[in-house]
Structure formats: C-alpha cells, structure tokens
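Below: the structure, in structure tokens.
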Amino acid sequence: MKLLFLIENNEPHSTGGGYYAIFKFAEFLAKRGHDILIYAVHDYQWIIEKPNLRIYYRPSVYHKNRVMRKFDKLLDYGCDRILLTKLIDEFSPDWIFGVLKESAIKAVQLGKQFNIRVANFIYECPNWLRTIYGQELYDQQNKGYTRKLWEMTRVAYLESDILFPNSTLSKIFNQDWLGIETINAPIYPGIDPLQMAFEQPDYSDKNKSVLYVGRLAKEKNVHHLIEAWKLMPKDISLHIVGDGPEKRRLQEQSIHLPHVTFHGFVSDEQLWTLFKSSKMLVCPSNFEGFGMPPMQSLYFGKPCLVSDIPIFHSIYGNYVDYYEVGNIDQLVSGVQKILNNEAYMEEKGQAGRLYILENFTWELAAENIETSLLKFNSLIK
C-alpha cells in the first residue's frame, strides 16, 4: 500500500512522544514493504529516508509569538496548496494518516478532495482533559480558537474511516466524546531492540543516577523533582532530559543543586546511553496521553517511579512503582526505597523488561496498523 503521513509537528508539544510515535509507525510500515511518504514540519532526526520511505519537511518558522504563528499558518496554507497537492498527485496514496488535531483535520479535507481513505491517530480529547483538570480549569485553558479547533477536530474524527487510539483510556474517552463505538483497538508505541542495544544492568553498582525524560512543561511537574532533590542525599543525582517553556525557571530553581543536571533535547542514541547509565526513571506528570519513558526505561531493565495517575496504571500496572501526585515526601522516599534495595531493583527491572518486549514494539504496532487497513479494505470491496 501507499501511505501518506501528515505530521504537523510545529507546536510546543511537537517533540513529544505522540509525534515521535507516528514517525516510527511510518518507519516500520516501510520495513513491512509499504511505500511511505511523510509530510512534516521539523526534522528531529528520528528516522532516515530509505528507497520506500520518503520524508518532505515543509518550510516553516517557529511559533515564538502570535505574529510568527500567523505567518507560519499562511506559509502552511501556501505549501498545502502548491507543494502538498503536487506530492499527493505524484504519490497517489491509498491512505492518508493524520494525528491529533491540525493534521487530522487536514487529512480529512485532503481525503475528500482526492477521494482517499483517511486514518487518524487519536490521543487526548476534551472529555479526558476535563476529567483530569476539572471543569473550571479546563474552561480557562480551552476557549476561543482552542475550543474551535477541538470542534473542528471532532468533525474530522467522525468523518475518518479509521481511528487509532494509543491506549484503552484514549479509546474510552474518545468514544464518549464522539458518541460512537467503532474506534479501533489501541495501537501502542514501542521499542526496537535492534536500535536500542541492551546491556544487562549491574544492580550492585553504587552509582545512584536518576533519570527524567520529557517536556519541561507545567503539567509534567518537573518542579516537583527539583523540590524533592533539595531533600535528597547528595549522592543521588538527577538527570533531566528534554526541553520546553519551563526550562529557564527550572534551571533557576535548581541553581544551588550540583547533583541536578539538564541535558536538553538529545538524540535517540544519546537517550539510550542515558537510560543505560541511570539506575531508575522518575515520571511526576499529572497528565500523559500514554507516557513512553517508563516503557523505554523498563526495556533497559531499569525500575520506574511514576505519579499515581490512571494512564500509568492502565499501561504499566504493577510493573512500576507509584507515588501520590505532588507529594514530595513520597517522591523522596520512593526514590530511596528503590535505589537502596538491589534485589528489588533487579526484580522490577527484569519483570518490566519482559513485559515490554512482549507487548510494546514498533514492529507489532506496524503489523496491527497493517491488519486494520487490510481488514477495512476487504470490508468495502
């Protein structure tokens, strides 16, 4: 099949796991022999081109302010009219894939224009966000254009041929929001053992390095980690990987903490090295659409301490440890409990690794996407 992926990764969250996953889905569908064309915005070096995997990055400007955002919207519109339509004419895809909001809307519009089937990857939705943040805070954060965008997204989802959620929770909340039952089984993100060389951890090593991976945004609660490390013994180091709007404030907050290190945005190879050199992962977020870092950490045999939120329970169950969101004392004691118990680290790390290998690989995800597309094609013939 010929598959076109539209990835609007030009928003503040665009370096996150959700967009990363779409690139990897495309890569592994290409490995299964399909012809793939990706039309995206920014190149984060997540995958490389191959004979049957082409990537086109449209011209863009970063959204530093409202004026630049509007200018990029005009640039996006021009590229769609001139470049994207030409690419579609030349490539003649069997399916167009969108993700989340902007590209989901665009995928449906193009699907109608060129009479092409549309599949959209869906994550969070208003019903889920309202449950997490409460009605009052949700209304404050989702008004004006944001609310209109969600309304347009809902229409696009309802007009899609297939909807791929990334978790059972995503499926449940989107079914309620859309008022339909015909949403596909979840397509989980994954790992690739060939690209993520595994080394058996030495749980007796006296190194006490803790890793955080994710955006530096308010909802990720990285500031809770900084507060916790003010109480943490100095031999327990924290390595923060990622970038985002809270970076400067977090660096200022940790200015007198020499055992806290910021690494910024890193390549996959650098990230795998950091996982290998760490003893465990912490994830303090109060909301995640999936939460890929625990999956990656467990693959490397490293235990995880995560916030006590529903998505982590639904994905990782008892393979990770939990603490109450915002409870700094529990966070501190939870980290020390894991680091000070060699046998416990090995038990959780090894059991978690087997769980990930059996359930979360990019190869399995690509196979499940392919199966769903072929099943749909057979039903409409």
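The values are calculated or read from the model by the stated rules, or taken from the named source; none is laboratory data. Predicted model only: the values in this text are computed from it and were never measured. FYI the Cβ positions are ideal-geometry reconstructions off the backbone, even for glycines, and counts take in every protein chain you see.
Annotation: of all residues in region 342-373 being without any contact (Cβ under 8 Å) to a residue 12 or more places away in the chain and either farther than 23 Å from Ser209 by Cβ or among the basic types (Lys, Arg) (or both), the one that is surrounded by the fewest Cβ atoms within 10 Å (Cβ to Cβ) is Glu358.
Only a single item in (1) among the polar types (S, T, N, Q); (2) under 27 Å from Ile191 (Cβ atoms); (3) without any contact (Cβ under 8 Å) to a residue 60 or more places away in the chain; (4) part of a helix (DSSP H, G or I) is not met by Gln109, and it is number (2).
For Ser297, are the conditions met, namely being out of contact with any Ser or Thr (no Cβ under 7 Å at 6 or more places or on another chain), modelled with pLDDT of 95 or more, under 17 Å from Val241 (Cα atoms) and outside the structural domain of Pro126 (by TED's automatic domain parsing)? First the steps, then the outcome.
On the way: out of contact with any Ser or Thr (no Cβ under 7 Å at 6 or more places or on another chain): yes; modelled with pLDDT of 95 or more: yes; under 17 Å from Val241 (Cα atoms): yes; outside the structural domain of Pro126 (by TED's automatic domain parsing): yes.
Considered against the rule, which asks whether it is out of contact with any Ser or Thr (no Cβ under 7 Å at 6 or more places or on another chain), modelled with pLDDT of 95 or more, under 17 Å from Val241 (Cα atoms) and outside the structural domain of Pro126 (by TED's automatic domain parsing), Ser297 comes out as yes.
Determine whether Ile55 is buried (at least 19 other Cβ atoms within 10 Å of the Cβ) and over 19 Å from Thr153 (Cβ atoms). Yes; evaluated as a whole, the condition is true for this residue.
When region 272-318 is examined, which residues are found to be of a type in the set (A, V, I, L, M, F, W, C) and under 17 Å from Pro189 (Cα atoms)? Reasoning before the result, please.
The first filter runs over region 272-318 and keeps only residues of a type in the set (A, V, I, L, M, F, W, C), leaving 272, 274-275, 280-283, 287, 290, 292, 295, 298, 300, 304-306, 309, 311-312, 315.
Within region 272-318, Trp272, Phe290, Met292, Met295, Leu298, Phe300, Ile311, Phe312, Ile315 meet the criteria.
Of all residues in region 130-163, those satisfying the criterion of being among the hydroxyl-bearing types (Ser, Thr, Tyr) and either in contact with a Ser or Thr (Cβ under 7 Å, 6 or more places away or on another chain) or closer than 25 Å to Glu370 by Cβ (or both) are Tyr157, Ser160. Of the residues making up region 214-234, those that are under 12 Å from Ser254 (Cα atoms), within 21 Å of the chain's Cα centre (by Cα) and among the aliphatic types (A, V, I, L, M) number 2. Against the conditions (1) without any contact (Cβ under 8 Å) to a residue 60 or more places away in the chain; (2) closer than 27 Å to Gly349 by Cα; (3) touching a helix residue (DSSP H, G or I) at 6+ places or on another chain (Cβ under 9 Å); (4) not small (Gly, Ala, Ser), Leu194 satisfies every one except (3).
Does Glu219 satisfy the condition of being surrounded by fewer than 17 Cβ atoms within 10 Å (Cβ to Cβ) and not in a loop (DSSP other than H, G, I, E, B)? Walk me through it before giving the result.
Working: surrounded by fewer than 17 Cβ atoms within 10 Å (Cβ to Cβ): yes; not in a loop (DSSP other than H, G, I, E, B): yes.
Here the answer is yes, as Glu219 does meet what is asked.
Mind counting the residues in region 111-146 that are surrounded by 21 or more Cβ atoms within 10 Å (Cβ to Cβ) and hydrophobic (A, V, I, L, M, F, W, C)? Summing the residues that are surrounded by 21 or more Cβ atoms within 10 Å (Cβ to Cβ) and hydrophobic (A, V, I, L, M, F, W, C) in region 111-146 gives 6. Quick check, is Val306 surrounded by 15 or more Cβ atoms within 10 Å (Cβ to Cβ) and touching a residue at least 40 places away in the same chain (Cβ under 8 Å)? No; evaluated as a whole, the condition is false for this residue. If the condition is being at pLDDT 95 or above and among the aliphatic types (A, V, I, L, M), then region 201-240 contributes Val210, Leu211, Val213, Val222, Leu225, Ile226, Ala228, Leu231, Met232, Ile236, Leu238, Ile240. Within region 169-204, the set of residues being loosely packed, with under 15 Cβ neighbours inside 10 Å and assigned to a helix (DSSP H, G or I) comprises Asp176 only. Check whether at least one residue in region 148-167 is hydrophobic (A, V, I, L, M, F, W, C) and at pLDDT below 90, and report yes or no. No, region 148-167 contains no residue that is hydrophobic (A, V, I, L, M, F, W, C) and at pLDDT below 90. For Arg147, the criteria (1) in a helix (DSSP H, G or I); (2) in contact with a helix residue (DSSP H, G or I) (Cβ under 6 Å, 6 or more places away or on another chain) hold in every case but one, which is (2).
Output yes when any residue across region 321-330 is surrounded by 24 or more Cβ atoms within 10 Å (Cβ to Cβ) and either assigned to a helix (DSSP H, G or I) or aliphatic (A, V, I, L, M) (or both), and no when none is. No. When restricted to residues that are under 22 Å from the mean Cα position of the chain (by Cα) and in contact (Cβ under 8 Å) with a residue 60 or more places away in the chain, region 161-191 contains 15.
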